[in-house]
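Each remark here refers to the structure printed beneath this line.
The values are calculated or read from the model by the stated rules, or taken from the named source; none is laboratory data. If you're wondering where the values come from, they're calculated on a predicted model, not measured in any experiment. Positions of Cβ are backbone-derived with ideal geometry, glycine not excepted, and every protein chain shown enters the neighbour counts. When the accessible area is computed, the model is the full protein with side chains, heavy atoms only, and any ligands, DNA or RNA have been set aside. Shrake-Rupley method; radii C 1.70, N 1.55, O 1.52, S 1.80 Å.
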Amino acid sequence: MHRIAYFRVSTGDQSIEAQRAAMPGPFDREFEDVGVSGAMLAASRPGFADLLTHVRAGDTVYVYAVDRLGRDALDVQATVRRLIQAGVTVDVRGLGPIGKGVGELILAVLAQVADMERHRIAERTEAGRKAARASLAVTGRTHRGKTSLGRPKAQESDDVVTWRKRNNASIKDTATHFRLSTATVKRYCAMTNTGDIEELSLISS
């Protein structure tokens, strides 16, 4: 009997630490998908697929939220049913262990609610983008007063790369200096595309 945790975040800039802190660890094994969209079927995600090959009857799989178990309500139900039929307990933060029957029904309802909320968020986001584009075309600013679409860069990529080269700094040290994630620093370095072998070796460090 093993306690197994599964974590997922949608972008490389996000961290699973908040999920880990909120869940009842420690765990015997942890699996994760970082930078993997929730729109992907659970069994198609590399980390979750790996989890499925390792769990055994008597194990308990812990997840942070219902939507970590699948792309939509149907996928969540299929995933949970697959685990339960294999003798694996599924424990969702805030809900506790999910069993056959009533437990599956409750989870199905919650998964449907989460699915509906994702669609509502997507609709609101798209409506906001359309309003921003229209305002930008007419006034030069979005409806929220910004001069461009999207999030502003935390730091200019050229500044980050230049500082790193000048100080012969590692990815981690550069990220700490600029208060960026290591994934962002790696991306900035890759964007320079200088073809310098030394730079490529630095990026991988």
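Within the stretch 154-186, the set of residues being hydroxyl-bearing (S, T, Y), part of a helix (DSSP H, G or I) and in contact (Cβ under 8 Å) with a residue 12 or more places away in the chain comprises S157, T174, T184. A Cβ distance below 8 Å, combined with a sequence gap of six or more or placement on separate chains, defines the contacts here; from the stretch 72-94, residues that are in contact (Cβ under 8 Å) with a residue 40 or more places away in the chain reach residues that are assigned to a helix (DSSP H, G or I) and open to solvent by less than 40 Å² (accessible area, probe 1.4 Å) in the pairs D72/A111; D72/D115; A73/A108; A73/A111; A73/A114; A73/D115.
In the condition set (1) at pLDDT 85 or above; (2) out of contact with any strand residue (DSSP E or B) (no Cβ under 8 Å at 6 or more places or on another chain); (3) within 30 Å of T184 (Cα to Cα), R82 is compliant with all but (3).
Filtered by the rule that a residue be surrounded by 18 or more Cβ atoms within 10 Å (Cβ to Cβ) and not in a helix (DSSP H, G or I), the stretch 39-58 gives R45, V55.
Checked against (1) out of contact with any helix residue (DSSP H, G or I) (no Cβ under 8 Å at 6 or more places or on another chain); (2) outside any helix (DSSP H, G or I), V61 passes all but a single condition, namely (1). Against the conditions (1) of a type outside the set (A, V, I, L, M, F, W, C); (2) open to solvent by less than 50 Å² (accessible area, probe 1.4 Å); (3) at pLDDT 90 or above, D115 satisfies every one except (3). Candidates are the residues of the stretch 10-33 that are within 14 Å of the chain's Cα centre (by Cα), at pLDDT below 90 and not charged (D, E, K, R); the one that is least open to solvent (accessible area, probe 1.4 Å) is I16.
Would you mind stating whether S181 is open to solvent by less than 100 Å² (accessible area, probe 1.4 Å), in contact with an Asp or Glu (Cβ under 6 Å, 6 or more places away or on another chain), closer than 28 Å to V34 by Cβ and at pLDDT 85 or above? Yes; evaluated as a whole, the condition is true for this residue.
Exactly one condition in (1) over 11 Å from the mean Cα position of the chain (by Cα); (2) within 26 Å of T184 (Cα to Cα); (3) open to solvent by 10 Å² or more (accessible area, probe 1.4 Å) is not met by M1; state its number. All conditions pass for M1, except number (2).
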